[in-house]
Structures are given as structure tokens and as C-alpha cells.
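Have a look at the structure below, then the notes.
Just so it is clear, none of the values below were taken in a lab; they were calculated from the coordinates. As the structure is a prediction and not an experimental result, all values here were calculated from the model. Cβ: placed from backbone, ideal geometry, glycine included. Neighbour counts: every protein chain shown.
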Amino acid sequence: MGALANDVSTLYRNISQVIVGKQEPIANAIITLLCDGHLLIEDVPGVGKTMLARALARSIDGEFKRIQCTPDLLPTDITGVSVYNQNSGEFNFVRGPAFTNVLLADEINRSTPRTQSALLECMAEKQISIDGTTYPMAEVFMVIATQNPIEFHGTFPLPEAQLDRFFMKIQMGYPATDKELEIVQMQKDRHPIEALKPVLSIAQIRQLRASVARVTIKPSVVRYIVSLVGATREHPDIELGASPRGSIALMKASRAMALVSGRDYVTPHMVKQVAIPVLNHRLILNRRRDNRGADEVIRNLLGEVPAPVEGDDE
């Protein structure tokens, strides 16, 4: 695990050259990448959402593409389209921006439900079907989508099926004053993203992904994960709790957190560290009973559901 942990630390430090003072969002983005998942970033403009996506793609020597989601964006603008070739008399498939390693879907909730659904097959199955032909996508493929939590005019909220395809939902947040000063000083001459170099290869990312599945997770910790997710289905403030997909995602994220932390086993504390970003977008709150956010409800559940302790029967 030592060499693998060093690779993760190298990736983290490299991204930190661009994204200053945001240890948790960077770690969660790396965890999502290692778990072969997709990331939803919900925050106000100007806090580094796009830069996080670009820095991650550059750091892994991956191809990066960006689509600006608008109401007139078509599904084929994402997936690609078949174009008739008059010379050959055949249709040629022109690949869309989804054929990449890191795809940034900026302001995803401004695109129509039909266009949003075009990403479903890409995200879930890593393939695109056009005119009866299926085209495989890159093995390392990650969607990083952004949305503004404040401005809702002209938007189309993501349905539960689409939200559930995202491995994590995070916020960037405003930087602390000293960190904002550092950011401003860094960009006096040029943006640090311009000088960012790759530190890991796509092959190394595949190796790290394989190593996540080898991280030890004890039966007592697995039971804790299932109990925690199960509690979301019984909480009076939650109308719809997380599905078994949420349990699986929480287990994977906990294993990746262990790898990020330089450990080869999962602790209950690691489960708690990733529970909010893994589960918050998978819950529908009962607004008639409570107006608290999903993060606060999950935080309360973390304090209520007993965690295993050293010496528990395994």
C-alpha cells in the first residue's frame, strides 16, 4: 500500500497547486475517480468548480472536454451524431465530447431532461448507442457536473434516477481570507493551471482503482454501513431514503478513503468522513416535517447509529 498511497498523495499535492485550501473537495474528487464514479458539484459561481475538473484531468494526463449546458443543447451535442458521407454513400459517426476521460457538464440543470438523460447510458454503462450501434467509451471516464444552488430560473432539476448516478455530491465553499489572498497572489501573472503537469498516467489510475477493492473492510464495518443507510429509510424527516446502491457506494468510498489515508483497512471513522457526500443527494426530505438540509440529517444519523468498536465480533 505504501507505493499506492504515495501515488495518491502525489496526485493530491498536484491538484492543490491550483485548488488552494480545499482539502476535502480535492480528496472527495480523488475518491470518486478511484471508485470509477461521477461527481456533482453544487455551489455558487467562481469558487473553483471548473478548475477542479481541469486540474484533475491534467494531473492524470487525461483528455478533458467541457460542455456548457443550455436549454437548446441536444443529446447529440454530447454523444455525437451520424453524418452522411456523399463520397462513400455511408453514414459516419462523429464522436461527441463524451468520448473523453474527464467530461465537465457545466450547469447541468440548465439542459432539458431529454439531454440530461443522454448522459445516463454514458455514466452507467460507459457506452453510447447510436442508430443501433454501440460505441465503447474510455475505460477511465468521469463526469464532473456543476449546478448553481441559488439560481433556479430556467433550470430543470435533476430527477432522482440521474442524481443516483453520481457517486458524490460536494460543495466547494468560499475560501478563508488567508487562502483567498494566496489565490489572488498566485494569479497576478498567470493562472497556475497553465503550468500544471501530469503526475500519474491512465494506467496508474487503473492500478489504483484495482487496489481499492483489495482494501480490507471487516464484517462489522459493512454491517455499520448497511445500518446507516437503512436508517435513512426509517427517519421521520426523510421521505425517500438511500437505495442499496447507496450502501455499495458508501462501502467503495470508505475503501478509497482508506487508500487516500495510507491505510489498507477501513475504520468506522472513514465511513463517517465520506457518508455525507455519498448520501446527501440520494435522499428526499419530508419538507412538511423538517426544513433541515440533507447534510444535517445525515450528520444526526451518524451520531445516532452505533458504530462498531475495537473488539466487536467480526
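Can you give me the Cα centroid spacing of the range 124-203 and the range 13-77 in angstrom?
About 3 Å separates the Cα centre of the range 124-203 from the one of the range 13-77.
Do you know the relative contact order of the range 213-304, to the nearest whole percent, from alpha carbon pairs under 8 angstrom that are 6+ apart?
Relative contact order, the range 213-304: 34 percent.
Only four residue types carry charge here, +1 at the Cβ of Lys and Arg and -1 at the Cβ of Asp and Glu. Report the dipole size of the chain about the Cα centre in Debye, rounded to the nearest 20.
Value, rounded to 20: 280 debye.
Please name which of ILE217, THR232, GLN207 has its Cα lying farthest along the dipole of the range 206-246 towards the positive end, using unit charges on Cβ (Lys, Arg +1; Asp, Glu -1) and the Cα centre as origin.
GLN207
Quote the Stokes-Einstein diffusion coefficient, in whole µm² s⁻¹, for the chain, based on the Kirkwood radius over alpha carbon pairs, a temperature of 4 °C and a viscosity of 1.567 mPa s.
63 µm²/s
Would you mind telling me the antiparallel percentage of the DSSP bridges in the range 18-208, rounded to 5?
Bridges in the range 18-208 are about 40 percent antiparallel.
Can you list residues from other chains, or at least 5 along the same chain, whose modelled amide H is less than 5 Å from the amide H of ASN286?
Amide H to amide H, under 5 Å and 5 or more residues apart or across chains, ASN286 pairs with ILE238, GLU239.
Out of residues 5 or more away from LYS218 or on other chains, whose amide H comes under 5 Å of its own, with H placed 1.01 Å from N in the peptide plane?
For LYS218, the qualifying residues are VAL266.
Mind checking the angle between helix 23-34 and the chain's longest principal axis? C-alpha axes, 0 to 90 degrees, to the nearest 10.
In the chain, helix 23-34 runs at an angle near 70 degrees to the longest axis.
Which value, in debye to the nearest 20, gives the size of the charge dipole of the range 235-295 about its Cα centre, when Lys and Arg are +1 and Asp and Glu are -1 at the Cβ?
In debye, rounded to 20, the range 235-295 gives about 80.
What's the angle, to the nearest 10 degrees (0 to 90), between helix 219-232's Cα axis and the longest principal axis of the chain?
Compared with the principal axis, the helix lies near 70 degrees.
Per residue, what volume in Å³ does the convex hull of the Cα atoms of the range 39-114 enclose?
Taking the convex hull of the Cα positions in the range 39-114, it is 112 Å³ per residue.
Quick one: putting +1 on the C-beta of Lys and Arg, -1 on the C-beta of Asp and Glu, what dipole do you get for the range 10-131 around its Cα centre, in Debye to the nearest 20?
Charge dipole, the range 10-131, about its Cα centre: 400 debye, nearest 20.
What value does the range 1-134 have for Rg/Rh, both radii from Cα atoms and Rh as Kirkwood defines it?
Here Rg/Rh amounts to 1.04.
If I take every Cα pair under 8 Å that is 6 or more residues apart in the chain, average their sequence separation and divide by the length, what percent do I get for the relative contact order?
22 percent
If the elastic network links every pair of Cα atoms under 10 Å, which of TYR12, TYR224, TYR84 fluctuates the most in the Gaussian network model of the chain?
Ranking TYR12, TYR224, TYR84 by mean-square fluctuation puts TYR84 first.
Putting +1 on Lys and Arg Cβ atoms and -1 on Asp and Glu Cβ atoms, find which of SER129, PHE156, LEU74 reaches farthest to the positive end of the dipole of the chain.
SER129
Can you tell me the orientation of helix 49-59 relative to the chain, as the angle in degrees between its alpha-carbon axis and the longest Cα principal axis, to the nearest 10?
80 degrees
Taking a quarter of the surface of the convex hull around the Cα atoms of the range 213-304, what do you get in nm²?
Approximately 5.4 nm², given one-decimal rounding.
Using packing as a proxy for protection, rank 103-115, 271-283 so that the peptide with the highest average count of other Cβ atoms within 10 Å comes first.
By packing density, highest mean first, the sequence is 271-283, 103-115.
So what is the 222 nm mean residue ellipticity for the chain from helices alone, if each DSSP H run of at least 4 adds -39500 (n - 2.57) and you divide by all residues, rounding to the nearest 500 deg cm²/dmol? Don't jump to the answer; show the numbers that get you there.
Details: 12 runs with 134 residues, N = 314.
Taken over the chain, the calculation gives -13000 deg cm²/dmol.
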